[in-house]
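Notes for the one structure printed next.
The values are calculated or read from the model by the stated rules, or taken from the named source; none is laboratory data. All figures in this text were calculated on a predicted structure; none of them were measured in a lab. Cβ placement follows ideal geometry from the backbone for every residue including glycine, while neighbour counts extend to all protein chains displayed.
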């Protein structure tokens, strides 16, 4: 098969996968804009969530620390759109885990993606590759009673 390929085509065929794997772009986006999107409506659960440092976060009795990492396809849509989908999926997972643990809310949520921890009261961090994006979240499930 490779004998019929021109040398330049063969080199290109070998280099393209290497370039695709090498991309690791950090994307920082507004959590509020993601959670107010049309996709979020009806998808997120009725479990309050607060990013670390976000004003108005309730104090409660900590039940557990929960983490999740979500990946979604990045091909054929923008990094921002893919990152928002991964963030909403990760947030939904935290909410489900809070419900299973008997908690009332998830507080102090931070981004933890690819070993890098990012704290922001307004934004989340995403790492976008050529084909897949990753969002990792960590938060504390609390009992508000």
Would you be able to say whether some residue in the range 22-31 is under 20 Å from the mean Cα position of the chain (by Cα), modelled with pLDDT of 95 or more, within 17 Å of residue 139 (Cα to Cα) and surrounded by 13 or more Cβ atoms within 10 Å (Cβ to Cβ)? yes
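I need a count of the residues in the range 88-116 that are more than 18 Å from residue 47 (Cα to Cα) and touching a strand residue (DSSP E or B) at 6+ places or on another chain (Cβ under 6 Å). Lay out the reasoning, then the answer.
Narrowing the range 88-116 to residues more than 18 Å from residue 47 (Cα to Cα): 111-116.
Narrowing further to those that are touching a strand residue (DSSP E or B) at 6+ places or on another chain (Cβ under 6 Å): 111-114.
Within the range 88-116, residues that are more than 18 Å from residue 47 (Cα to Cα) and touching a strand residue (DSSP E or B) at 6+ places or on another chain (Cβ under 6 Å) number 4.
Confirm whether residue 109 is assigned to a strand (DSSP E or B), on the phi < 0 side of the Ramachandran plot, surrounded by 14 or more Cβ atoms within 10 Å (Cβ to Cβ) and more than 16 Å from the chain's Cα centre (by Cα). Break it down stepwise before answering.
On the way: assigned to a strand (DSSP E or B): yes; on the phi < 0 side of the Ramachandran plot: yes; surrounded by 14 or more Cβ atoms within 10 Å (Cβ to Cβ): yes; more than 16 Å from the chain's Cα centre (by Cα): no.
So residue 109 does not fit the description; no.
Could you tell me which of the residues 110, 16, 66 is at pLDDT 95 or above and out of contact with any helix residue (DSSP H, G or I) (no Cβ under 8 Å at 6 or more places or on another chain)? Give the steps one after another, and end with the answer.
Working: 16 fails: at pLDDT 95 or above; 66 fails: out of contact with any helix residue (DSSP H, G or I) (no Cβ under 8 Å at 6 or more places or on another chain).
Step by step, each of 110, 16, 66 is checked, and only 110 is at pLDDT 95 or above and out of contact with any helix residue (DSSP H, G or I) (no Cβ under 8 Å at 6 or more places or on another chain).
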What number of residues within the range 87-102 satisfy the criterion of being farther than 16 Å from residue 31 by Cβ and either surrounded by fewer than 18 Cβ atoms within 10 Å (Cβ to Cβ) or in contact with a helix residue (DSSP H, G or I) (Cβ under 8 Å, 6 or more places away or on another chain) (or both)? 5
Among all residue pairs at least 6 apart or on different chains, which show Cβ distances below 8 Å where the first residue, located in the range 117-145, is on the phi > 0 side of the Ramachandran plot and loosely packed, with under 15 Cβ neighbours inside 10 Å and the second is in a strand (DSSP E or B) and modelled with pLDDT of 95 or more? none
For the range 77-86, which residues satisfy the criterion of being out of contact with any helix residue (DSSP H, G or I) (no Cβ under 9 Å at 6 or more places or on another chain) and part of a loop (DSSP other than H, G, I, E, B)? 78
For residue 40, all conditions in the list (1) surrounded by 18 or more Cβ atoms within 10 Å (Cβ to Cβ); (2) farther than 18 Å from residue 24 by Cβ; (3) within 15 Å of the chain's Cα centre (by Cα) hold save one; what is the number of the exception? (1)
Complete set of residues in the range 36-57 that are touching a strand residue (DSSP E or B) at 6+ places or on another chain (Cβ under 6 Å) and either part of a strand (DSSP E or B) or modelled with pLDDT under 95 (or both): 49, 50, 51, 57
